[in-house]
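Inspection log for the structure reproduced underneath, given as structure tokens.
The values are calculated or read from the model by the stated rules, or taken from the named source; none is laboratory data. Predicted model only: the values in this text are computed from it and were never measured. Every residue, glycine among them, receives a Cβ derived from its backbone with ideal geometry; neighbour counts consider all protein chains shown.
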Amino acid sequence: MAEYTQQQLLDLVNTVQVAPGNARVRALTQRIVSDLFKTIDEMDVSADEFWSAVDWLSRLGASGQTGLITAGLGFDRLLDIRADEADQKAGRVGGTPRAIEGPLFVAGAPTAKAEVRVDEGEPRGEVFVMEGQVLDLAGQPVPHAMVDVWHANEQGGYSHFFPGMKPYELRRRIETDAQGQYRFRTALPPGYSIPPNSPTSELFEALGRHGHRPAHIHFLVVAPGKRTLTTQVNIPGDTYIDDDFAFATRDGLVVELERDVAPAGYESLGITQPFVRSRFNFVLQNAVTEDEALPLTRMERVKA
Ligand code: DHB
Ligand code: FE
């Protein structure tokens, strides 16, 4: 039996140890629990508030939405800012900027060589072709790079997460040709919004925040000996382009659109009418450690 002050209790929570455990998990948990004790005390959190937060966490996890709150709370962009800072310090500059992966990547999308229809042959919205090369920092083409692309459908939904969509719908991997070229046809995607009436939307409503992202397309670019690039591009003209719920838009990643492009040369993508095109090159740094260039295994990783 013992009577504890808050500090004595915290010290006990943070020091009881019967086995070595995991030192990193231990250090992080101690820090987080200490910060939460402090929050509860300084902000006078009531028992009702505490248990309703616990209930919300349970519902968030049960709905599979834990990954949906991190970007809106800034954590995903924070990791990118820290990675950029580390690169700056190490003198690793240049190449296409990274941008958050987001919680909706799914590994193992169908592969194609050089070009593909991401829209799976179903016309839906404005016909859009994005094309370009994967290059190294010296401007040399990177052949056999794998460009993994994924984006939302016309309702802002991602396959595997949004009901009624086919497996890997709007998800493809394109292997660049000998000149490092890739191209794909799809429909210009709209923006994305967090799921309504969900634990995620509950939080952002309580914070008085919207849950909208401007129209964007995600990429994961992997090539032998090159540093893996996770990024996304934005479609210009979106209302939320400078007001992204996930804070992920970046200079250099807003593509330019060419409208009314003549269809000649695009027949293999089923294009017979004027369409919208964007040219965009992905510029990769050389990998300096092996895990920066995880071959294609990175793309087989199970996620979400
Ligand atoms: C979220 C959704 C996205 O499509 C994205 O790219 C980033 C974040 C989200 O719901 O948190
Ligand atoms: Fe997204």
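Counting only residues that are within 16 Å of ligand 1 (Cβ to nearest atom) and in contact with a Ser or Thr (Cβ under 9 Å, 6 or more places away or on another chain), which one in segment 247-268 is nearest to Ala83 (Cα to Cα)?
Arg250
Does Leu79 meet the test of being surrounded by 14 or more Cβ atoms within 10 Å (Cβ to Cβ) and either in contact with a Cys (Cβ under 6 Å, 6 or more places away or on another chain) or not assigned by TED's automatic domain parsing to the domain that holds Pro167 (or both)?
No.
List every residue pair whose Cβ atoms sit under 8 Å apart, with the two residues 6 or more apart in sequence or on different chains, where the first one lies in segment 144-168 and is in contact (Cβ under 8 Å) with a residue 40 or more places away in the chain and closer than 16 Å to Ile217 by Cα and the second, anywhere, is of a type in the set (Lys, Arg) and within 14 Å of ligand 1 (Cβ to nearest atom).
Asp148/Arg171; Val149/Arg171; Trp150/Arg171; Ser159/Arg171
Test of understanding: among His218, His212, which residue is crowded, with 17+ Cβ neighbours inside 10 Å and closer than 20 Å to Leu257 by Cβ?
Going through His218, His212 in turn, the sole match is His218.
Hey, could you check segment 208-238 for residues that are within 16 Å of ligand 2 (Cβ to nearest atom), in contact with a Gly (Cβ under 8 Å, 6 or more places away or on another chain) and in a loop (DSSP other than H, G, I, E, B) and say which is nearest to Gln155 (Cα to Cα)?
By that ranking, first place goes to Ala215.
Give the residue that is nearest to Glu115 (Cα to Cα), with candidates limited to residues of segment 143-155 that are surrounded by fewer than 17 Cβ atoms within 10 Å (Cβ to Cβ) and within 16 Å of ligand 2 (Cβ to nearest atom).
Glu154
Quick grid of which residues meet (1) within 30 Å of Ile174 (Cα to Cα); (2) in contact with a Gly (Cβ under 9 Å, 6 or more places away or on another chain):
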| position | (1), (2) |
| --- | --- |
| Gln6 | no, no |
| Leu9 | no, no |
| Gln30 | no, no |
| Asp55 | no, no |
| Asp80 | yes, no |
| Glu85 | no, no |
| Thr96 | yes, yes |
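Quick check on this structure: which one of Val129, Val106 is surrounded by 15 or more Cβ atoms within 10 Å (Cβ to Cβ), in contact (Cβ under 8 Å) with a residue 40 or more places away in the chain and touching a Leu at 6+ places or on another chain (Cβ under 9 Å)?
The match here is Val129.
All but one of (1) within 30 Å of Asp243 (Cβ to Cβ); (2) touching a helix residue (DSSP H, G or I) at 6+ places or on another chain (Cβ under 7 Å) hold for Ala53; which doesn't?
All conditions are met except number (2).
In segment 192-204, how many are within 12 Å of ligand 2 (Cβ to nearest atom) and assigned to a loop (DSSP other than H, G, I, E, B)?
Going through segment 192-204 one residue at a time, the tally reaches 1.
Go through (1) of a type in the set (D, E, K, R); (2) over 16 Å from the mean Cα position of the chain (by Cα); (3) closer than 27 Å to Phe184 by Cβ and name the single condition Asp80 misses.
Evaluating Asp80 over (1) of a type in the set (D, E, K, R); (2) over 16 Å from the mean Cα position of the chain (by Cα); (3) closer than 27 Å to Phe184 by Cβ leaves (2) as the failure.
Could you please let me know if Asp243 is in contact (Cβ under 8 Å) with a residue 24 or more places away in the chain and within 16 Å of ligand 1 (Cβ to nearest atom)?
Yes.
So which residues in segment 132-159 are under 15 Å from the mean Cα position of the chain (by Cα) and assigned to a loop (DSSP other than H, G, I, E, B), if there are any at all?
Hits for segment 132-159 are His151, Ala152, Gly156, Gly157, Tyr158, Ser159.
Yes or no, residue by residue, for (1) β-branched (Val, Ile, Thr); (2) more than 16 Å from ligand 2 (Cβ to nearest atom):
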| position | (1), (2) |
| --- | --- |
| Pro141 | no, yes |
| Gly157 | no, no |
| Phe161 | no, no |
| Arg173 | no, yes |
| Thr176 | yes, yes |
| Pro190 | no, no |
| Ala206 | no, yes |
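Of all residues in segment 256-277, count the ones that are surrounded by 16 or more Cβ atoms within 10 Å (Cβ to Cβ) and either within 16 Å of ligand 2 (Cβ to nearest atom) or under 19 Å from Glu120 (Cα atoms) (or both).
6
Looking only at segment 65-120, which residues are in a loop (DSSP other than H, G, I, E, B) and β-branched (Val, Ile, Thr)?
Those that are in a loop (DSSP other than H, G, I, E, B) and β-branched (Val, Ile, Thr): Val93, Thr96, Ile100, Val106, Val118.
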